[in-house]
Amino acid sequence: MSKLQYKPNDHNVSGVTILQDVHERNSDLKYVAFKLIQLDEQATYAEELTDKEVCIVVLTGKASVKTGDQLFEELGTRDSVFEKKPTDSVYISKDSTFKIAAKSACKIALCYAPATEKRQAQVIRAADNSVEHRGKYQNKRMVHNILPDSSAVSSSLLVVEVYTDGGNFSSYPPHKHDQDNLPEESFLEETYYHEIDPEQGFVFQRVYTDDRSLDETMSVEHGDVVSVPKGYHPVGVPDGYTSYYLNVMAGPKKIWKFHNDPDHEWILKRK
Ligand SMILES: O=C(O)C[C@@H](O)[C@H](O)C(=O)CO
């Protein structure tokens, strides 16, 4: 298996399963880290942040989050990500502790990036997500913007959800953002947390650089994470299956300025 791909764990301790845990020590990522936790009903999970900020995304189920004297309750809007409606998230800055309490069984993504400054903890309600429909022909996808680069909430963290129906490609035509060369391109690492409906499906994700020193094509299954330290990173979805992924991005500057693979940019110019 590619060293960019991570399979889920299933070890439950006291009602908490750390399904995914991708960080600087088990990946080539220096800015982005990602955890996916599953909590049984009434289970709790606590953590202390030092130099990182986190966006806690309630993927499914209902939970509350407490940090300092702030309590955010009734978080979560769906039983499955494939309900295709936005959900609630909480942003918490560095030098903080937080505790998540599950009101029902829930699946929660913890998206981390370096905090360049201390910011106010706050809830990002489902209604605050902008929803975008991008692309045409077999390049259609829907995006929920939780923390887009235009958001003032985080200091460096970007978080979006992307839905791609069967037979379509997303993150396509292939684009990259691995050069700190603004205004042409920004440097942002990225993680993809994938879900597939129905669950036995698979999608293909290629991660490659212009010189092909990195060129990995992965068969990605439900629950897998793919890390993108650099390179183009398109996703293709087989007929009959729907793809969901949660993207976390961060780098030295909080701006998403991507560069399309010139070989495939013509895709965008079709009438
Ligand atoms: O296909 C899309 O529009 C989603 C991608 O842009 C995805 O969020 C990504 O690749 C970010 O770099």
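What follows is calculated from the coordinates using simple rules that are stated; it is not laboratory data. Computed from a prediction, not measured in an experiment: that's the story for all the values here. Glycine gets a Cβ as well: all are built from the backbone with ideal geometry, and neighbour counts include every protein chain shown.
Of note:
- From least to most packed, judged by other beta carbons within 10 angstrom and beginning with the fewest, W266, W256 follow the order W266, W256.
- The ranking of M249, M142, M218, M1 by Cβ neighbour count inside 10 Å, starting from the fewest, reads M1, M142, M218, M249.
- Charged side chains reduced to their Cβ positions (Lys and Arg at +1, Asp and Glu at -1) give the chain a dipole of some 520 debye around its Cα centre.
- Listed residue pairs exceeding 23 Å between alpha carbons, taken from K62/K85; K85/K140; K230/K254; K118/K254; K7/K107; K84/K254: K84/K254
- Projected area, mean over directions - the chain, Cα convex hull, nm²: 13.9 nm²
- Using 0.36 nm per residue and subtracting the Cα-Cα separation, the extra length available between I255 and N181 on full extension is 25.5 nm.
- Cα gyration tensor category, rounded, prolate or oblate, for the range 1-152 with a/c compared to 1.5: rounded
- Theoretical FRET efficiency, 1/(1+(r/R0)^6), r = Cβ-Cβ of R270 and A152, R0 35 Å, to 0.05: 0.45
- Per DSSP, loop GluC sites (Glu not before Pro) in the range 62-110 with at most 12 further Cβ within 10 Å: none
- Difference of contour (0.36 nm per residue) and Cα-Cα distance, Q120 to T217: 30.9 nm
- Point-to-point label distance, N26-R134, nm (Cα→Cβ direction, 7 Å offset): 2.8 nm
- Exposure proxy ranking, count of Cβ atoms within 10 Å, fewest first, for S104, S64: S104, S64
- One chain, two ends: S80 and K99. Fully extended at 0.36 nm per residue, the span grows by 4.6 nm beyond their Cα-Cα distance.
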